[in-house]
Amino acid sequence: MLLTKHPRVKLANLPTPIEKLERLSKHLGEVNIYVKRDDETGLAGGGNKVRKLEFLIGDAISKGADTIITQGAVQSNHVRQTVAAAAKMGLKSSAILERRVTDTNERFDKTSNVFLNYLLGIGSLRFVPGNTDMNKEMEKEAEIVRAMGGKPYIIPGGGSNAIGALGYVNAAVEIVSQINSQGLPINHVAVTSGSSGTHAGLASGFNALNAKLKLTGISIRQPEAFQIKKIKEETDKIAEFISIPKVEEKDIIVNSDYVGGGYGVLSDDAMEAIHLAASYEGLLLDPVYTGKAFGGLIGMIRKGHYKKGDNVLFVHTGGELGLFAYEDQIINYLNAKQNKGKVA
Ligand SMILES: *Cc1c(COP(=O)(O)O)cnc(C)c1O
């Protein structure tokens with residue numbers, strides 16, 4: 001795997017640590033849970049997109065771009081990390097935010113990641129209704145940049161293409177080398193499966209390394225069949241791009257049982273997971289991705305999906321700055337629990 005020949009800029013503090021969740025593992029019983037701290041990649045709040053952006057921004061700069069264009073949901077962590085990466089590299093940025101989540105309070109459009117986009121110096125931020133053709137919107141934005149004499153570079157939603165996924169092929173190499181050098185007994189890996197680059201990059205890397213790790217992607221948006229097809233397509237593209245073996249469909253595992261009310265809609269499972277991680281480990285999870293995925297992991301543990309004594313690595317992909325956009329709901333949840341006398 002010759003990842004070194006691809007243009008790359010340094011944005012992340014790597015390697016991120018692997019930590020054991022001692023208290024929470026004991027509380028849940030059955031399995032040992034470890035966390036790969038990709039919430040601590042280091043740029044403006046960190047998260048998984050920083051690894052992808054090292055290659056995407058590297059590619060943009062090598063092509064002479066001066067303006068980065070991307071898109072996401074209103075509280076997109078990807079957009080925030082992209083704007084931060086552009087700022088650090090002295091590039092302009094603009095983004096389009098899709099109102100994908102309805103039933104939000106009036107602060108949703110202003111707080112957390114949205115606020116940070118402005119602070120980080122975004123040039124243009126435009127809101128569009130849910131189900132807008134976002135690729136078309138990015139093309140329109142690129143036209144505007146060109147008309148003003150600029151050189152746009154479009155990064156797809158979530159930074160998920162073969163270039164961005166290289167960040168997670170590398171992360172797979174990093175995880176395997178940490179497991180080996182630290183003698184960790186990890187035999188399962190669980191990760192949030194969203195726009196696909198993270199799951200697909202890890203699957204491709206583990207497969208190429210012949211790693212003895214069973215990877216499960218926990219979907220936060222799409223049904224299982226849809227997500228498996230998407231990950232398969234993405235891993236095929238990665239395989240061609242860097243000449244590694246293709247991941248077989250049977251090795252792509254997706255669990256969509258914890259999507260709940262849909263993208264960005266907090267579920268009780270997710271709120272319990274956010275509360276448990278915070279109160280047992282001082283670990284912050286996010287409402288849209290890692291809270292849901294960790295809720296899924298807890299659900300799978302309780303349902304006996306893992307064998308007693310299994311060692312599961314949860315890849316924490318970040319997002320906790322989005323918590324403030326969901327503050328009211330989480331406080332209501334905590335109050336309701338307290339009234340029942342069930343606070344941990
Ligand atoms: C984007 C994101 C994900 C999902 O990663 P994909 O590569 O889009 O599947 C998971 N967690 C957080 C916090 C994210 O921001």
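Here are a few things to note about the model shown:
- Any hit, the range 144-162, residues being at pLDDT below 95, closer than 21 Å to GLY291 by Cβ and not in a helix (DSSP H, G or I): yes
- Residue match in the range 302-314 (condition: within 16 Å of the ligand (Cβ to nearest atom), at pLDDT 95 or above and crowded, with 19+ Cβ neighbours inside 10 Å): yes
- Taking each residue of the range 159-183 that is in contact (Cβ under 8 Å) with a residue 60 or more places away in the chain and looking for partners that are of a type in the set (S, T, N, Q) with beta-carbon atoms closer than 6 Å, six or more apart or interchain, yields SER160/SER195; SER160/SER196; TYR168/THR198; VAL169/SER204.
- So ASN117, is it in contact with a Leu (Cβ under 7 Å, 6 or more places away or on another chain), more than 16 Å from the ligand (Cβ to nearest atom) and of a type outside the set (Val, Ile, Thr): no
- Some residue of the range 277-290 being surrounded by fewer than 21 Cβ atoms within 10 Å (Cβ to Cβ), within 13 Å of the ligand (Cβ to nearest atom) and assigned to a loop (DSSP other than H, G, I, E, B): yes
- Filtering the range 134-160 to residues that are out of contact with any strand residue (DSSP E or B) (no Cβ under 6 Å at 6 or more places or on another chain) and within 26 Å of GLY47 (Cα to Cα) leaves ASN135, PRO156, GLY158, GLY159, SER160.
- Residue match in the range 98-109 (condition: within 25 Å of LEU14 (Cα to Cα) and surrounded by 15 or more Cβ atoms within 10 Å (Cβ to Cβ)): no
- Each residue in the range 49-71 was checked for being under 21 Å from the mean Cα position of the chain (by Cα) and acidic (Asp, Glu), and 2 pass.
- Filtered by the rule that a residue be away from the ligand (no atom under 16 Å from the Cβ) and touching a Phe, Trp or Tyr at 6+ places or on another chain (Cβ under 8 Å), the range 202-253 gives a lone residue, LEU213.
- Filter result for ILE186 (crowded, with 18+ Cβ neighbours inside 10 Å, away from the ligand (no atom under 14 Å from the Cβ), more than 19 Å from the chain's Cα centre (by Cα) and β-branched (Val, Ile, Thr)): yes
To keep it simple, each residue is scored yes or no on (1) away from the ligand (no atom under 16 Å from the Cβ); (2) more than 19 Å from the chain's Cα centre (by Cα); (3) within 30 Å of GLY261 (Cβ to Cβ).
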| position | (1), (2), (3) |
| --- | --- |
| GLU98 | no, no, yes |
| ASP103 | yes, yes, yes |
| PHE108 | yes, yes, yes |
| PHE127 | yes, yes, yes |
| ASN131 | yes, yes, yes |
| ALA142 | yes, yes, no |
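- Residue list for the range 45-102, restricted to those being in contact with a Ser or Thr (Cβ under 7 Å, 6 or more places away or on another chain) and farther than 14 Å from ILE155 by Cα: GLY47, ASN48, GLN75, GLU98
The values are calculated or read from the model by the stated rules, or taken from the named source; none is laboratory data. Since the model is a prediction, treat every value here as computed from it, not as a measurement. No Cβ is skipped: glycine too gets one built from the backbone with ideal geometry, and neighbour counts run over all protein chains shown.
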